[in-house]
Amino acid sequence: MREVVIALYLLLNTSVVLAQTNAISSYTTFLKKQNQSAKEYILGLFDRYDIVIICERFHGEMTQYELLTDVISDKRFYGRVGNIFTEIGVSTLNPGLNTFMHTKDLPDDTIAQRIMLFQQNSSVWPGWFNKNYPFFLDKVYRLNNLIPEKYALSLYPSDLPFSWATADSSSIPELRLMIANRDSIIASQIISKFNEIKQANAERKKALVIMNYRHAFDKVFLINNVALKNVAYFLFKEYGNRVANVLLNTVGPNNSGNAALLQDGKWDAAFDVVHKENIGFDFANTPFGKDTFDLWPYKTNYVYKDIFTGFAFYKPIEQHYMVEGFKIVDSGFKNELIRRINLISSLGGEFLKMLEMKKILETGSDISKYEETKKYFPLDSLIKEKKQWVN
């Protein structure tokens, strides 16, 4: 009898393992044939397209900016493309930002001061506290400082045309209206500048566009019967097959606001099984592209190839990390930050979260040295979720 029980146990567990393996076999079979790195894939897209949109992970995630820095530092990028549009950064940072980017041989302390100033004024939020923005600005400046001027990169922040320097209580109703039309405004600013680039005599007439999450989605989405049109939708509408968009491996939000793996962890599990963590490919004609689009938490009839041109996997989730901090809150900025919070809190909603920061600032606490490194939450559960397919 004992032998029968053991045999049944082994049979059942073998069946479970086989079922798990079969669930990801189409992905692993495909991935075993893929050898193009994420960087090479992104650079290669510029052979086929004028605009390549990167779908940013969480804003503050740092390893994605290691990849993007690697991409823009390649001569194939600064020699042929040269233009970068970002969601982070209000458009009113220019022309000052590009003047800075094209000024060589500044002392390190001046570079740091200028970048802090740009970060302090980069957002319609009272402050932008993710380290990725100053990291990227520093990388672009130092690259421009090393390469010939004719190859220097131009950086175009494309968020709402808003300036805290002139903002008062009368500015907030106008800001509210702009926020309601944010995607169309961002897109129109990119289109206007890109058309200017295309019509100029400059040799480089291509662009990298970095947009976060849904702003990089193609197609129209419906929420409560209201059409949601994203930045990428407008760019595809304007330029058609001259545009590509790329999803970086990431996590999506679940109904609780926590991180959730795509396809219940099957994608991440497949990359683990084949021991590959740096690959890029088109979604068309792949098992990944045929999967239901679940990065968006609401039900749609789309699959991934409907929304994105391609996919770039760069480092597994265990290696992803966010850095947040308040080093921009120096003594000269503290009172200005409180003024901004008082103004913006009238908008309600998420902007009310800034009131908690105001309380901290008003206690006199020195938060300028505060910096925190975070992982996806709940990371342990995410790892367990993907491992279920390979045990």
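One table, with the values for the structure above:
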read-out	value
Nearest-10 value in Å² for the accessible area of residue 302, using the 1.4 Å probe	60
5 angstrom amide H check on residue 210, placed H, neighbours 5+ away	54, 85, 86, 87
In nm, spacing of pseudo-spin labels at residue 35 and residue 335 (7 Å Cα→C-beta vector)	6.4
Percent accessible area from carbon and sulfur atoms, the chain, protein chains only, probe 1.4 Å	53
Three-way shape call for the chain based on the alpha-carbon gyration tensor, with the a/c threshold at 1.5	prolate
Sequence of 234, 46 from largest to smallest accessible area, 1.4 Å probe	234, 46
Per residue accessible area of the chain, 1.4 Å probe, in Å²	47
Local electrostatic count at residue 204 - Lys and Arg +1, Asp and Glu -1, tallied over other residues with Cβ under 10 Å	+3
Sequence of 385, 203 when ordered by accessible area, the most exposed leading, probe 1.4 angstrom	203, 385
Square roots of five times the Cα gyration tensor eigenvalues for the range 240-391, Å	38, 19, 15
Rg ratio (alpha-carbon, reference 2.2 N^0.38 Å) - the range 124-202	1.38
Rounded, prolate or oblate (a/c below 1.5 giving rounded, otherwise prolate when a/b exceeds b/c) for the range 32-94 by Cα gyration tensor	oblate
Calculated from backbone phi, Karplus (6.51, -1.76, 1.60) coupling profile of the range 164-180 in Hz, x at Gly/Pro	6, 4, 10, 6, 9, 4, 6, 7, 5, x, 5, 4, 4, 5, 5, 4, 5
Alpha-carbon centroids, the range 91-150 and the range 289-314: separation in whole Å	33
Residue-by-residue Karplus 3J(HN,Hα) for the range 383-391, coefficients 6.51, -1.76, 1.60, Hz, glycine and proline x	5, 4, 5, 6, 6, 4, 8, 10, 6
Under 25 Å from the Cα of residue 75 - lysines, other chains or at least 8 residues apart	39, 104, 139, 150, 193, 198, 205, 206, 315
Helix-only CD estimate at 222 nm, as mean residue ellipticity for the chain, using -39500 (n - 2.57) per DSSP H run (n ≥ 4)	-13500 deg cm²/dmol
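The values are calculated or read from the model by the stated rules, or taken from the named source; none is laboratory data. Everything quoted here is computed from the prediction, not taken from an experiment. Ideal geometry is used to build each Cβ from the backbone, glycine not excepted, and the neighbour counts take in all protein chains shown. Quick note on the areas: whole protein, heavy atoms, side chains included, nothing else; ligands and nucleic acids left out. Shrake-Rupley method; radii C 1.70, N 1.55, O 1.52, S 1.80 Å.
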